[in-house]
Amino acid sequence: MNSVLITRTISIENMDKNDEEKLNQALYDVWGVRKVKLNSMNGEAVISFDEDAASFMDFEQAIKDCGYNIAAPDGH
C-alpha cells in the first residue's frame with residue numbers, strides 16, 4: 001500500500017530565527033513527517049508528510065511545545 005505525501009504551509013506567530021532549529025527538530029519528531037522547511041522571515045513552515053501517519057493537530061502541538069502558536073491555520 002502506497003502512502004500519500006501531502007504538503008501543508010503553516011503560519012507561525014512571531015517565529016524567531018533563533019528558534020528555527022528547535023522548531024525544525026520538533027516537527028521532524030512528528031511521526032510521518034518527511035520534509036520541513038522553515039522561513040522565519042515570513043513566519044511559515046512548509047511540511048511534507050504522510051497523511052496516514054501525521055495530522056495537523058500533531059504539528060500544532062509540536063509548535064506549541066516550542067512556545068509558539070499557529071496563526072490562521074489553512075483548515076484541519
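The values are calculated or read from the model by the stated rules, or taken from the named source; none is laboratory data. Since the model is a prediction, treat every value here as computed from it, not as a measurement. Cβ: placed from backbone, ideal geometry, glycine included. Neighbour counts: every protein chain shown.
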- Message: Could you check the range 51-76 and list, in sequence order, the residues that are surrounded by 15 or more Cβ atoms within 10 Å (Cβ to Cβ) and in a strand (DSSP E or B)?
- Response: 70
- Query: Right, residue 47: part of a helix (DSSP H, G or I) and either touching a His at 6+ places or on another chain (Cβ under 6 Å) or surrounded by 14 or more Cβ atoms within 10 Å (Cβ to Cβ) (or both) or not?
  - Reply: no
- Of the conditions (1) of a type in the set (S, T, N, Q); (2) surrounded by 12 or more Cβ atoms within 10 Å (Cβ to Cβ); (3) out of contact with any Gly (no Cβ under 8 Å at 6 or more places or on another chain), residue 11 clears all except one; give me its number. (3)
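Restricting the search to the range 43-61, which residues are of a type outside the set (Phe, Trp, Tyr) and either out of contact with any strand residue (DSSP E or B) (no Cβ under 8 Å at 6 or more places or on another chain) or under 21 Å from residue 3 (Cα atoms) (or both)?
As a first pass, look at the range 43-61 and keep what is of a type outside the set (Phe, Trp, Tyr): 43-48, 50-55, 57-58, 60-61.
Those that are of a type outside the set (Phe, Trp, Tyr) and either out of contact with any strand residue (DSSP E or B) (no Cβ under 8 Å at 6 or more places or on another chain) or under 21 Å from residue 3 (Cα atoms) (or both): 46, 47, 48, 50, 51, 52, 53, 54, 55, 57, 58, 61.
Please pick out the residue among 2, 24 that is modelled with pLDDT under 95 and not hydrophobic (A, V, I, L, M, F, W, C). Walk me through it before giving the result.
Numbers: 24 fails: modelled with pLDDT under 95.
Only one candidate passes the filter, namely 2.
Would you confirm whether any residue within the range 20-34 is assigned to a helix (DSSP H, G or I), more than 14 Å from residue 70 (Cβ to Cβ) and within 9 Å of the chain's Cα centre (by Cα)? Full working, then the answer.
Step one: list which residues in the range 20-34 are assigned to a helix (DSSP H, G or I), which gives 20-28.
From what is left, the residues that are more than 14 Å from residue 70 (Cβ to Cβ) are 20-22, 24-25, 28.
If we keep only those that are within 9 Å of the chain's Cα centre (by Cα) too, we end up with 24, 28.
For the range 20-34, residues assigned to a helix (DSSP H, G or I), more than 14 Å from residue 70 (Cβ to Cβ) and within 9 Å of the chain's Cα centre (by Cα): present.
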